[in-house]
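Following: one structure in structure tokens, then a few remarks.
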Amino acid sequence: MQTASEIISEDSREEQIAQTGILFSETMSGMCQWKPQYTVQEEQSSLAITVDVCISNLDQWNDSAISYKGTFEGTVRIGSWKGKLTDGSVSLFDKDHSGNASKVMYYGLSFEKEGEQYTLEGKKYLGNNILKMWWETTTLKVIIKNEQQVVVGEGTLRLSPQAFMKQLSTMRAVVPSNKPAKRLKVFSAFIAGFTIKLLTAYR
């Protein structure tokens, strides 16, 4: 089973977290519809991202008004093509200013394909209907822009139940080497904070 440390250096991720934090891997896949004027790609193709996420601001876990901030590295797959991400960030439980939801989970990443730089922006919209919590927390609406910031593709990625179980298996807490007993406390704080922020979005 693939873990976060299989794609990137475990030591480098722990350096980014510095003192305490959470690491986990996430894979989402779906389809992307490409704009007619974008001739480099087929009209429609499969799209998938695998990211190794690093969340470090766990001291704010009990404040439902503050979002979790993190960075990630990983890969993107478009059809049969696969490339490494050049940059990535995530912000969980941001306030939604579009009026589409109560909270959003934002994913932003960059990659290079055939000599051109692209950015992918994705959002999970939370809080519309508690009965649709699973659907909303596992559905990422994405747009892809080229170097001129022109939208060249749009799509929807999903986190499948199987991928979710795999994600849980990769989740772990990082603590200073001289405080190993703190690992359970950090992990519990993240789970508690995530639950509070999630339930707050649907109240």
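Quick check on this structure: which one of VAL152, VAL186 is within 28 Å of LYS84 (Cα to Cα), not polar (S, T, N, Q) and not in a loop (DSSP other than H, G, I, E, B)?
Testing whether each residue is within 28 Å of LYS84 (Cα to Cα), not polar (S, T, N, Q) and not in a loop (DSSP other than H, G, I, E, B) leaves just VAL152.
May I ask you to list the residues in segment 94-112 that are assigned to a strand (DSSP E or B), crowded, with 16+ Cβ neighbours inside 10 Å and of a type in the set (D, E, K, R)?
ASP94, LYS103 - these are the residues of segment 94-112 that are assigned to a strand (DSSP E or B), crowded, with 16+ Cβ neighbours inside 10 Å and of a type in the set (D, E, K, R).
Please go through segment 75-105 and give me each residue that is among the aromatic types (Phe, Trp, Tyr) and within 30 Å of ASN128 (Cα to Cα), ordered by number.
Once the filter is applied, which keeps residues that are among the aromatic types (Phe, Trp, Tyr) and within 30 Å of ASN128 (Cα to Cα), segment 75-105 yields only PHE93.
From the list THR200, THR195, pick out the single residue that is touching a residue at least 24 places away in the same chain (Cβ under 8 Å) and either polar (S, T, N, Q) or on the phi > 0 side of the Ramachandran plot (or both).
THR200
Between LEU140, LEU168, LEU120, LEU131, which is buried (at least 16 other Cβ atoms within 10 Å of the Cβ), out of contact with any Lys or Arg (no Cβ under 7 Å at 6 or more places or on another chain) and not in a loop (DSSP other than H, G, I, E, B)?
Values: LEU140 fails: out of contact with any Lys or Arg (no Cβ under 7 Å at 6 or more places or on another chain); LEU168 fails: buried (at least 16 other Cβ atoms within 10 Å of the Cβ); LEU131 fails: buried (at least 16 other Cβ atoms within 10 Å of the Cβ).
Within the list LEU140, LEU168, LEU120, LEU131, the selection yields LEU120.
Residue-wise test of (1) under 28 Å from ALA201 (Cα atoms); (2) modelled with pLDDT under 95.
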{"position": "LYS95", "(1), (2)": "yes, yes"}
{"position": "GLU114", "(1), (2)": "no, yes"}
{"position": "LEU120", "(1), (2)": "yes, no"}
{"position": "LYS123", "(1), (2)": "yes, no"}
{"position": "ASN128", "(1), (2)": "yes, yes"}
{"position": "THR138", "(1), (2)": "yes, no"}
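The values are calculated or read from the model by the stated rules, or taken from the named source; none is laboratory data. In this text, all values refer to a predicted model and were calculated from it rather than measured experimentally. Counting neighbours? That spans all protein chains shown, and the Cβs are built from the backbone with ideal geometry, glycine included.
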